[in-house]
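The values are calculated or read from the model by the stated rules, or taken from the named source; none is laboratory data. It should be emphasised that the depicted structure is a prediction, and the values quoted were computed from it without experimental measurement. Quick reminder, even Gly has a Cβ in these numbers, built from the backbone with ideal geometry, and neighbours come from all protein chains shown. The accessibility values were calculated without ligands, DNA or RNA, using every heavy atom of the protein model including side chains. Shrake-Rupley method; radii C 1.70, N 1.55, O 1.52, S 1.80 Å.
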Amino acid sequence: MRVLHFFKTYWPDTFGGIERTIDAIARSTSPLGVETTVLSLSRKPRERSVEFHGHRAVKARLDLDVASTGLSLGALGQFAREAAKADIVHYHFPWPYMDAAHFLVRHGKPSVVTYHSDIIKQRALKHVYAPLMQRFLGSVDALVATSPNYAASSPVLARHRDRLEIIPIGLEDAADADETLPEGMETGRPFFLFAGVLRYYKGLDVLLDAARLVPCDIVILGAGPTEDHLRRRASAEGLANVRFVGALPDREKVALMRRCRAFVFPSTERSEAFGLALVEAAMFGRPMIATELDTGTSYVNAHGETGLVVPPNDAPALAAAMNEMLTDPDRARRWGEAGRQRYLHLFTAATMGQRYHALYMRLLAERER
């Protein structure tokens, strides 16, 4: 079976959450007989078209990027050629150009949309785009949400709930991976860990506010657009218990994940549609603190079972949750153990791959009938 994934960007150009999800789907369905090609846009399409983790990453030239929407004249022809070779076309929403390409190319193959997120930032453009969006979502053969929380809270998905399937994002188990402690990092004192791309919706300003209210260290792992602002603010305010370690190799990330008292994820916007970093924390058996956004964050981290869920933009509540885990380490440990079991039950790559493979097979069988 040959599956073509179509999204605006992919590895090795970018390494975000949707890219990780596509890679995980490709790798987990490969043992089941699925051959994967991923078509995306790139400023350097020739050199960035590569074999990647056992599948093809094919690039069309990115001509223009407007309001986070990549545009390409050449992608339509390339999409038509790749779709002709595929048995299934798998779209990843949102990307308005993709919706238009679906109707312009009319490939005739069974199609799946994984609905990762509502459109959050471009509110004005969303109203212009809405008719095309609803027509596109209504035209595909299968529509997948990544958590029941998002399916229930998305106003866009409300129109499609009768045909919606839930397939949570899964990651390959790396709990036994090798580790190396980052140079100069001492872990004798309890610390909380954040890991992820430093973006506007990650709530890290709220985490800095909370840092004043907790008697322990906070380690921020990752890089991104807000990094300089956050570093300057922490320095100006003398937040000596906040440490920025930048983007680290996997071995060093594993060492920090295994040693943190808990994983903290203070996102403030529904742009945080799932929270793959929480899946990683659960994989390593760490208790979690997340925010209630009616998205996957409070699905991965079940309040009172695998950790604590607090309101977004509430530094005192975030600090209180951190202090609770400091003062009751036995309860935090039990939450971490429950998180590991929840990962094994819901969020492994193998489980996700089996469910997508079953969906692909069903669509092919329906098409034959």
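So which residues in the stretch 186-214 are open to solvent by less than 10 Å² (accessible area, probe 1.4 Å) and among the aromatic types (Phe, Trp, Tyr), if there are any at all? The answer is 191, 192, 194.
Please go through the stretch 268-293 and give me each residue that is closer than 11 Å to residue 312 by Cα and touching a Lys or Arg at 6+ places or on another chain (Cβ under 7 Å), ordered by number. Of everything in the stretch 268-293, just one residue is closer than 11 Å to residue 312 by Cα and touching a Lys or Arg at 6+ places or on another chain (Cβ under 7 Å), namely 293. Which ones in the stretch 340-364 are more than 18 Å from residue 146 (Cα to Cα) and within 21 Å of the chain's Cα centre (by Cα)? Correct list: 340, 341. Within the stretch 1-15, the set of residues being in contact (Cβ under 8 Å) with a residue 12 or more places away in the chain and either among the aliphatic types (A, V, I, L, M) or open to solvent by 10 Å² or more (accessible area, probe 1.4 Å) (or both) comprises 1, 2, 3, 4, 8, 9, 11, 12, 13.
Of all residues in the stretch 186-239, those being over 22 Å from residue 250 (Cβ atoms), in a loop (DSSP other than H, G, I, E, B) and over 25 Å from the mean Cα position of the chain (by Cα) number 11. For the residues 183, 165, the requirement of being over 20 Å from the mean Cα position of the chain (by Cα), more than 28 Å from residue 317 (Cβ to Cβ) and either among the charged types (D, E, K, R) or in a helix (DSSP H, G or I) (or both) singles out 183. Just one of the listed residues (84, 60) is at negative phi, in contact (Cβ under 8 Å) with a residue 12 or more places away in the chain and surrounded by fewer than 21 Cβ atoms within 10 Å (Cβ to Cβ), and it is 84. Can you find a residue in the stretch 288-306 that is within 18 Å of residue 196 (Cβ to Cβ), aromatic (Phe, Trp, Tyr) and in contact (Cβ under 8 Å) with a residue 40 or more places away in the chain? Yes, some residue in the stretch 288-306 is within 18 Å of residue 196 (Cβ to Cβ), aromatic (Phe, Trp, Tyr) and in contact (Cβ under 8 Å) with a residue 40 or more places away in the chain. Which of the residues spanning the stretch 234-264 are in contact with a Lys or Arg (Cβ under 7 Å, 6 or more places away or on another chain) and open to solvent by 30 Å² or more (accessible area, probe 1.4 Å)? 244 - this is the single residue of the stretch 234-264 that is in contact with a Lys or Arg (Cβ under 7 Å, 6 or more places away or on another chain) and open to solvent by 30 Å² or more (accessible area, probe 1.4 Å).
Among the residues of the stretch 179-195, just one is under 27 Å from residue 351 (Cβ atoms) and at pLDDT below 95, namely 179. Evaluating residue 40 against the criteria (1) of a type outside the set (A, V, I, L, M, F, W, C); (2) in a loop (DSSP other than H, G, I, E, B); (3) free of Cβ contacts under 8 Å to residues at least 40 places away in the same chain; (4) open to solvent by less than 10 Å² (accessible area, probe 1.4 Å) leaves one unmet condition, (2). Taking residue 218 as the residue in question, decide whether it is β-branched (Val, Ile, Thr) and touching a strand residue (DSSP E or B) at 6+ places or on another chain (Cβ under 6 Å). Answer is yes for this residue. Here the helices (runs of 4 or more DSSP H) wholly within the stretch 284-369 that include at least 1 residues being open to solvent by 70 Å² or more (accessible area, probe 1.4 Å) and in contact with a Pro (Cβ under 9 Å, 6 or more places away or on another chain) are 329-346, 349-368.
Which one of 305, 272 is outside the structural domain of residue 22 (by the TED database) and more than 16 Å from residue 339 (Cα to Cα)?
The match here is 272.
Restricting to the stretch 34-68, what's the tally of residues that are polar (S, T, N, Q) and modelled with pLDDT under 90?
Count: 2.
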